[in-house]
Amino acid sequence: MGMDRLVPEEFPTITAAITASSDGDVILVSPGTYVESLDLSGRDLTLRSTAGADVTFITPSEGRCLIMSGPTPSGDGSALEGFTLSGGEAENGGAISMRDDALSLRNCTFTGNHATDKGGVLYAKFSTTDIID
């Protein structure tokens, strides 16, 4: 069983918590706006907002909100629960770009993301996605 990692109480950013985490860990994120581009490539982590998508935002300063580029994790892959992803921009996958990876999205909102070619919200190639609510 993994450990809980608290943002910003223990780690100032979501990225810092991801870097310190091991597969199976849960990163609990307090309400706020996190100006970050996250990388969950090949990871088996759960990122969970403690108060929901209405008050917890991932907004990159540039590029997309989340990238996942394998290798396919040995477990179920990562999960993102209760976030608003906004302002992502890229050629493919404005909010999320995936290749050879696995992601579960639960109770997430997407707004103001843009792709110049494919997938304003999500671009997934050779990947597994589970989208709920």
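The values are calculated or read from the model by the stated rules, or taken from the named source; none is laboratory data. Small disclaimer: the values here were computed from a predicted structure and weren't measured. Backbone-built Cβ (ideal geometry, glycine too); neighbour counts: all protein chains shown. Heads up: the accessible areas ignore ligands, DNA and RNA and are worked out on the full protein's heavy atoms, side chains in. Shrake-Rupley method; radii C 1.70, N 1.55, O 1.52, S 1.80 Å.
A few points about this structure:
- Each Lys and Arg adds +1 at its Cβ and each Asp and Glu adds -1 at its Cβ; summed about the Cα centre, region 51-107 shows a dipole of about 60 debye.
- Annotation: amide H of residue 57 within the under-5 Å range of 32, 33, 34, 84, sequence separation 5 or more or interchain, hydrogens built in the peptide plane.
- For residue 104, nonlocal amide neighbours, meaning residues 5 or more places apart or on other chains whose placed amide H falls under 5 Å from its own, are 78, 79, 80, 130.
- Karplus-derived 3J(HN,Hα) values for region 77-93, using 6.51 cos²θ - 1.76 cosθ + 1.60 with θ = phi - 60°, are x, 8, 10, 10, 10, x, 10, 9, 9, 9, x, x, 8, 6, 5, 10, x Hz; glycine and proline are entered as x.
- Percentage relative contact order, the chain, counting C-alpha pairs under 8 Å, at least six apart: 19 percent
- Surface analysis of the chain yields an accessible area of 48 Å² per residue, using protein heavy atoms and a 1.4 Å probe.
- Carbon + sulfur, % of accessible area of the chain - ligands and nucleic acids excluded, 1.4 Å: 49 percent
- Here the peptides 3-12, 102-111 are ranked by packing, the mean other Cβ count within 10 Å, and the order with the highest first is 102-111, 3-12.
- Evaluated at q = 0.14, 0.17, 0.22 Å⁻¹: base-10 log I(q)/I(0), Debye formula over Cα of the chain: -0.53, -0.81, -1.41
- Over the chain, DSSP H runs of length four or greater, each weighted -39,500 (n - 2.57), average out per residue to a 222 nm ellipticity of -1500 deg cm²/dmol.
- With the charge dipole of region 17-116 set up from +1 on Lys and Arg Cβ and -1 on Asp and Glu Cβ about the Cα centre, the Cα lying farthest toward the positive end among the listed residues 53, 94, 18 is that of 53.
- With the convex hull drawn around the C-alpha atoms of region 27-89, the volume per residue stands at 67 Å³.
- Each Lys and Arg Cβ is given +1 and each Asp and Glu Cβ -1; about its Cα centre, region 14-133 then shows a dipole of about 100 debye.
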